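The values are calculated or read from the model by the stated rules, or taken from the named source; none is laboratory data. All values reported here derive from a predicted model rather than from experimental measurement. All Cβ positions, glycine included, derive from the backbone under ideal geometry; neighbour counts span all protein chains shown. SASA here: full protein model, heavy atoms, side chains in, ligands and nucleic acids out. Shrake-Rupley method; radii C 1.70, N 1.55, O 1.52, S 1.80 Å.
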Amino acid sequence: MTRIIDELQLDYSDVLFRPKRTTLNSRSEANILREYTFRWYPKTLRACGIMAANMATTGTFAMNDSLEKFNAVTCLHKHYTPEQLVAYFSKPHPLAFISTGLKDSKENLFNLLEQNPHIDKLCVDIANGYIPKLLSFVKELRTRFPKILLMVGNVVTGDMTQDLILSGADIVKAGIGPGSVCITRSQTGVGRPQLSTVMEVADAAHGVGGMICADGGCTVPGDVAKAFGGGADFVMLGGLLAGSDEAAGRLVTRRALTNWYEPNGKELQTEERQYKEFYGMSSKLAQQKHFGGMARYRTTEGREKLIPYTGPVSQVMENILGGLRSTMSYIGATKLKDIPKCTTFYRVNKQLNTVFADMKDID
Ligand code: 5GP
């Protein structure tokens with residue numbers, strides 16, 4: 001019989017942090033660097049917990065070069081050739097993952113990992129992390145490469161999370177359908193609100209010594225903090241980073257309607273604005289660009305968008321990390337790892353005041 005889960009399922013926008021008495025006098029006292037130790041990977045990693053998504057637009061060498069300065073991780077997209085990867089990793093890049101799907105050449109991947117032991121971080125990314133082939137691939141990888149850092153996804157429930165970790169994953173990627181250019185939910189009706197996903201998956205992962213990456217759905221810096229508050233060890237960003245110089249999408253200029261017109265003016269006003277191309281990895285555009293056309297049995301599950309150009313990713317990161325530090329000072333968390341213990345969420349009906357949202361910015 002069809003079952004309904006009555007328990008409330010929440011998104012980041014459904015909650016706000018409750019401020020607490022704090023020992024921090026300023027947000028500069030909040031330490032956003034964490035020393036990570038893993039279930040399987042024998043080394044430690046010092047990072048700020050933010051990851052650039054392994055999308056063709058955001059998982060670029062240029063992104064990694066810039067994010068390294070912030071101790072943030074980049075999951076390189078899977079369309080670089082082995083030769084390009086070997087050349088790039090001839091210099092140390094301790095925070096970069098390479099990526100693969102299940103349909104990519106195993107032989108290329110295994111050769112790459114075998115011949116380049118310093119390339120030791122792998123993200124196995126498939127849209128539906130519940131298929132049995134994923135579990136057997138994770139087991140095979142862990143047996144063959146006992147010393148790699150292995151991130152696997154995507155799932156939204158605790159049972160599969162534990163299976164993946166016990167089979168060899170260090171980090172499980174959580175999220176089905178929350179992404180900014182994702183249409184899985186409208187196309188398939190499948191998904192789960194992201195904060196509830198993160199909370200359940202984190203609890204399950206931590207119970208068996210694993211970690212999680214909250215993947216997708218962060219629209220503002222506060223969402224990143226909420227993901228950490230829900231128990232995420234890492235937070236993966238696509239859209240928030242995709243408007244930057246380091247993202248691979250083309251930069252284009254378009255005339256856009258301003259959000260304002262003079263009350264007695266007759267014409268709507270336009271102005272030139274800069275945008276970057278950003279598309280979902282299962283959009284038609286991605287399939288055309290990277291897989292030589294659409295497979296017939298596939299529907300698209302991704303959008304193709306022109307999103308506002310944001311300048312260098314360093315500015316975006318400063319904004320996100322500034323927000324995160326500030327959250328930490330509000331809730332009394334001195335270290336990144338302490339955020340969940342310091343987190344109490346209010347469930348809210350409305351988180352933002354939008355009364356002037358349609359008004360013109362001061363120019
Ligand atoms: P964002 O930070 O933009 O909200 O979400 C990024 C995440 O969206 C990615 O890490 C990936 O998990 C997911 N994603 C990227 N492309 C697609 C797509 O075409 N379809 C779906 N369903 N998800 C996508």
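Points worth noting:
- Multiplying the residue separation of I131 and L251 by 0.36 nm and subtracting their alpha-carbon distance yields 39.5 nm.
- Dmax and Rg, reported as Rg then Dmax, of the chain (C-alpha, Å): 20.8, 72
- Taking Cβ atoms as reference points and 15 Å as the exclusive limit, the residues near R18 contribute a net charge of +4, counting Lys and Arg as +1 and Asp and Glu as -1.
- Label separation (V208 vs T22): 3.6 nm, computed from points 7 Å beyond Cα along the C-beta direction.
- Report note on the peptides 225-234, 326-335: ranked by the mean count of other C-beta atoms within 10 Å, highest first, their order is 225-234, 326-335.
- Efficiency of FRET between S186 and D159 - r from beta-carbon atoms, R0 35 angstrom, step 0.05: 0.85
- Share of carbon and sulfur in the accessible area of the chain stands at 51%, probe radius 1.4 Å.
- Positive-end ranking of V198, S136, T270 along the dipole of the chain, with charges on Cβ about the Cα centre, is headed by S136.
- Cross-link pairs K173/K284; K43/K305; K133/K284; K147/K335; K226/K284; K133/K305 - those with Cα-Cα distance over 30 Å: K43/K305; K226/K284; K133/K305
- Extended-chain gain in nm, criterion 0.36 nm per residue less alpha-carbon gap, E7 and T143: 45.1 nm
- FRET efficiency, K289 to S314 (Cβ-Cβ, R0 22 Å, nearest 0.05): 0.20
- More than 14 angstrom apart: percent of Cα pairs within segment 1-80: 77
- Around the Cα centre of the chain, unit charges on the Cβ atoms of Lys, Arg, Asp and Glu (plus for the first two, minus for the last two) sum to a dipole of about 400 debye.
- Taking the Cα centre of segment 266-363 as origin and assigning +1 to Lys and Arg Cβ atoms and -1 to Asp and Glu Cβ atoms, the resulting dipole is close to 640 debye.
- Whole-Å distance, taken between Cα centres, linking segment 101-131 and segment 298-337: 27
- Secondary structure note: in segment 169-271, about 20% of the DSSP beta bridges are antiparallel.
- Probing with 1.4 Å while keeping every protein chain in the model, the per residue accessible area of segment 28-95 equals 42 Å².
- For segment 118-210, the set of trypsin sites (Lys or Arg not before Pro) satisfying both a DSSP loop assignment and a count of at most 14 other C-beta atoms within 10 Å is given as K147.
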